[in-house]
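*Asks:* The structure under discussion is supplied below as structure tokens; questions concerning it will follow.
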Amino acid sequence: YAQKTDRFMGEIVNYDESTVPTYTLPNILLTAKGKKIKNVSAWEKQRRPEILALFEEHVYGKTPAHFDSLKFIVTHENKVAMSGKAHLKEITITAWNDGRSVSFPLVLFIPNKRTKPAPVFLLINNRSSRNTDPKRIEKSTFWPAEMVIDSGYAIAAFHHSDVAPDRKDSYQNGVLKQLFPAELEKDNGMKAVGVWAWAASRVMDYFKTDTDIDFNKVALVGHSRGGKTALWSAAQDQRFAMVFSSCSGSTGASLARRKYGETISLINKQFGYWFNNNYKKYSNDVNSLPVDQHMLIGLIAPRPVYTTNATEDRWADPYGSFLSLIHAKPVYDLYGRKVTLPANMPGVNRPIIHSDIGYHFRAGKHDLNVYDWTNFIRFANLHFNL
Ligand code: GTR
């Protein structure tokens, strides 16, 4: 385990802290024209839109602002699901553009024991669709629905591949080909991660119509590629009140310039179809990328955000993810938010909850599990004032 390098796809993968190059991060509070950002208004009017546009142009692609219409159909309902504890709704979300449509299913459980609309956790499910079994024959620690319901939250999920298949030869077959074919021709057009993020926003559109849901308390959750997506989605769509990003690693929460574990080059080789074409330019030139991932966290400010890493997941660069949070703090400071991250990497299984930027470094593997969800609920209880 102390192994300091590895080889993957013809490249040396660095796991040695002492050979991380020295690097300079783009200054989160300095505009492209060199203006220092000193308050919320300048952040929101100048630097925030600038950073968002840089991520669109160079990393994730631009999300089309327009589509024609949206329809929600409740296809199945059970008011006494989970032995009466929850109200199950299975919803089909259909989006239309230029005469063509795409539909995808959403599963939603709402706690019956409540006096007002429920806050909700929405998972972008990138693992087996059995993880979110509406019948509850299969119960998964990846989406521990009973535990979340018992804590007073609704829990929802959609499967990422229902909107953009998670394969390099077929990711276009879904939202891209049906609704936004022109994006496929553009170097800054969104690809799979962009579509997954877009779909999360369509679920948010649905929540706004469901009076059982408190749409001011929607927490978006994702793991790994889903964790990258959750950050990008919440960065763009400020209706998401909170974000949980599990083991998101490269092009998620971890800093690209450290070249530790998975690099831009490696992620582009393996998963080029997640990000736009322009991102390929940075495979061998990370220092010319005008953003780094601390700026993605900064786009979520002032909303509470919580990220995780695991001890056996060096590929995702845990320390680089923690540093990203530290370097996003100046934006939270502008808003006067309380961020109490320690200067050094926190110990294993020592979650940071009492901070608007939360974090834990969990013992174990690259995963999303009950330990993670337990801390997500603690963090949400505190920051949603529940
Ligand atoms: C890995 C990939 C990571 C991460 C992960 C996952 O193979 O290199 O960036 O996204 O897959 O989604 O589980």
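*Asks:* How about K89: which aspartates and glutamates have a C-alpha closer than 13 Å to its C-alpha, ignoring those fewer than 8 places off in the same chain?
*Replies:* Counting by Cα, and skipping residues close in sequence, K89 has these aspartates and glutamates nearby: E77, D133, D210, D212.
*Asks:* Under 5 Å between amide hydrogens, which residues at least 5 positions from D317 or on another chain qualify, with H placed 1.01 Å from N in the peptide plane?
*Replies:* Those lying under 5 Å, H to H, from D317 are E262.
*Asks:* Moving on to the next point. What accessible area per residue comes out for the range 131-206, rounded to a whole number of Å², with a 1.4 Å probe?
*Replies:* On a per-residue basis, the range 131-206 sits at 36 Å².
*Asks:* Related question: Let me make sure I get this right: for the range 176-310, a, b and c are the square roots of the gyration tensor eigenvalues over alpha carbons, sorted descending. Under 1.5 in a/c it's rounded, otherwise prolate if a/b > b/c, else oblate. Which is it?
*Replies:* It comes out oblate by the Cα gyration axes.
*Asks:* Can you pull the percent of the chain's accessible area that's carbon plus sulfur, 1.4 Å probe, other chains left in place?
*Replies:* Carbon with sulfur: 51 percent of the solvent-accessible area.
*Asks:* Based on the Kirkwood radius over alpha-carbon pairs, what value in µm²/s does the Stokes-Einstein equation return for the translational diffusion coefficient of the range 57-176 at 25 °C and 0.890 mPa s?
*Replies:* Approximately 155 µm²/s, per Stokes-Einstein.
*Asks:* Gap in Å between the Cα centre of the range 12-43 and the Cα centre of the range 133-197?
*Replies:* 31 Å
*Asks:* Rounded, prolate or oblate: which fits the range 233-372, taking a ≥ b ≥ c as square roots of the Cα gyration tensor eigenvalues, rounded meaning a/c under 1.5, else prolate when a/b beats b/c?
*Replies:* oblate
*Asks:* Now for a separate question. Highest mean first, how do 125-132, 95-102 rank when packing is the count of other Cβ atoms within 10 Å averaged over residues?
*Replies:* 125-132, 95-102
*Asks:* Would you mind putting 371-383, 44-56, 304-316 in packing order, based on average other-beta-carbon counts within 10 Å, highest first?
*Replies:* Put in order of decreasing packing, that is 304-316, 371-383, 44-56.
*Asks:* Net charge within 12 Å of K79 by Cβ-Cβ distance, Lys/Arg positive one each and Asp/Glu negative one each, not counting K79 itself?
*Replies:* 0
*Asks:* Using a 1.4 angstrom probe, figure out how much accessible area the range 12-53 has per residue, in square angstrom, rounded to the nearest whole.
*Replies:* 60 Å²
*Asks:* Just want to confirm a number: the relative contact order over the chain, from Cα pairs under 8 angstrom separated by 6+ residues, in percent.
*Replies:* Reported relative contact order: 16 percent.
*Asks:* Mind ordering 328-336, 281-289 by average Cβ neighbours within 10 Å, highest first?
*Replies:* Descending packing order for the listed peptides: 328-336, 281-289.
*Asks:* For W96 and S18 in one chain, what is 0.36 nm times their gap in residues minus the Cα-Cα distance, to one decimal in nm?
*Replies:* Length difference between fully extended and current span is 22.9 nm.
*Asks:* If you count only protein heavy atoms with a 1.4 Å probe, what accessible area per residue comes out for the range 301-382, rounded to a whole Å²?
*Replies:* Counting only protein heavy atoms, the per-residue value for the range 301-382 is 36 Å².
*Asks:* Estimate the FRET efficiency between A53 and F384 by the formula 1/(1 + (r/R0)^6), using the beta-carbon distance for r and 30 Å for R0, to the nearest 0.05.
*Replies:* The pair A53/F384 has a calculated efficiency of 0.45.
*Asks:* Further question: Using only helices, what value at 222 nm comes out for the chain when you add -39,500 (n - 2.57) per DSSP H run of length 4 or more and divide by the total residues, to the nearest 500 deg cm²/dmol?
*Replies:* After summing the helix terms and dividing by the residues of the chain, the value is -7000 deg cm²/dmol.
The values are calculated or read from the model by the stated rules, or taken from the named source; none is laboratory data. Since we're looking at a predicted model, the values are computed, not measured. Heads up, the Cβs are rebuilt from the backbone with ideal geometry, glycines too, and the neighbour counts pull from every protein chain shown. Quick note on the areas: whole protein, heavy atoms, side chains included, nothing else; ligands and nucleic acids left out. Shrake-Rupley method; radii C 1.70, N 1.55, O 1.52, S 1.80 Å.
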